[in-house]
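All remarks here apply to the structure that follows.
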Amino acid sequence: MPLAVITGASRGLGAALATALAQRGWDLVVDARHGDALRTTPGHRVPGDVTDPAHRQELADTAGRLGGAHLLVNNASTLGSSPMPAVADLEPDVLTATLATNVVAPQALTRLLLPQLLAHRGTVLNLTSDASVEAYEGWAAYGSSKAALDHLTRILGAEQPTLRVYAVDPGDMRTRMHQDAFPGEDISDRPDPATVVPHLLALLDGDLPSGRHRAADVPVREDA
């Protein structure tokens, strides 16, 4: 039974992907900052904050006891602040905290899990955003953090050719984070996160090279 470690799995895309993998027979190690929020997510629930080194070690240790990770999904992210400020108004501590969650924590968890992933010739899937390549006003903290994650992903893929290392832009989704990005606006027209999952599964099933991909560009088989 393959094992996936998924961060930020209490809701949205993380929860939807965890559910889909569980239905395929995967074992799971899942986290979120609050344990109560994980109660409907399948798998071995390890509540905690990905910026906490002790929590990251607990995730790695749990995966190791279960036979080691075949897949790491770095999904946990923070927007930074809401409403989102212009660069001139962005407080340094907000930028620092955003980078800690969106860049440093994924790198640190990947580093801990790397021996397990290498043993299984596994996959690292980092969730990114179009904000990493487009200059949206107000998205300085989040966009710059995802740009850094994109490049970190590319470098890891070059350094570890036996792994598949993906940065995946899932596109706009109807999530709490997206709502926080547009406070007071109606985002009901955005797709449900579950609609992205078939594209992520197709990516995992396929043989696309390591690098950055848009989920919408990954074809889904008719019988999937």
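For this structure, a couple of remarks:
- Selection of the stretch 40-49 for residues being open to solvent by less than 40 Å² (accessible area, probe 1.4 Å) and either closer than 19 Å to residue 105 by Cα or in contact with a Ser or Thr (Cβ under 7 Å, 6 or more places away or on another chain) (or both) yields 41, 42, 46, 48.
- One residue from 128, 123, 175 being surrounded by 15 or more Cβ atoms within 10 Å (Cβ to Cβ), among the hydroxyl-bearing types (Ser, Thr, Tyr), touching a Leu at 6+ places or on another chain (Cβ under 8 Å) and at pLDDT below 90: 175
- Scope the stretch 50-89; condition of a type in the set (A, V, I, L, M) and surrounded by fewer than 16 Cβ atoms within 10 Å (Cβ to Cβ); matching residues: 54, 86, 87, 88
- Lone unmet requirement of (1) out of contact with any Ser or Thr (no Cβ under 8 Å at 6 or more places or on another chain); (2) farther than 17 Å from residue 204 by Cβ; (3) open to solvent by 10 Å² or more (accessible area, probe 1.4 Å) for residue 8: (1)
- Unmet requirement for residue 167, which otherwise passes all of (1) touching an Asp or Glu at 6+ places or on another chain (Cβ under 6 Å); (2) part of a loop (DSSP other than H, G, I, E, B); (3) open to solvent by less than 30 Å² (accessible area, probe 1.4 Å): (2)
- None of 50, 73, 5 is within 24 Å of residue 163 (Cα to Cα) and free of Cβ contacts under 8 Å to residues at least 60 places away in the same chain except 50.
- Considering residues of the stretch 22-39 that are part of a loop (DSSP other than H, G, I, E, B) and out of contact with any Lys or Arg (no Cβ under 9 Å at 6 or more places or on another chain) only, the residue most open to solvent (accessible area, probe 1.4 Å): 33
- Boolean, residue 54 is closer than 25 Å to residue 132 by Cβ and of a type in the set (Gly, Ala, Ser): no
The values are calculated or read from the model by the stated rules, or taken from the named source; none is laboratory data. Quick caveat, the model's predicted, so the values are computed rather than measured. We place every Cβ from the backbone using ideal geometry, glycine too, and count neighbours over all the protein chains shown. For the accessible areas, the whole protein counts, side chains as well, though only heavy atoms, and no ligand, DNA or RNA atoms are used. Shrake-Rupley method; radii C 1.70, N 1.55, O 1.52, S 1.80 Å.
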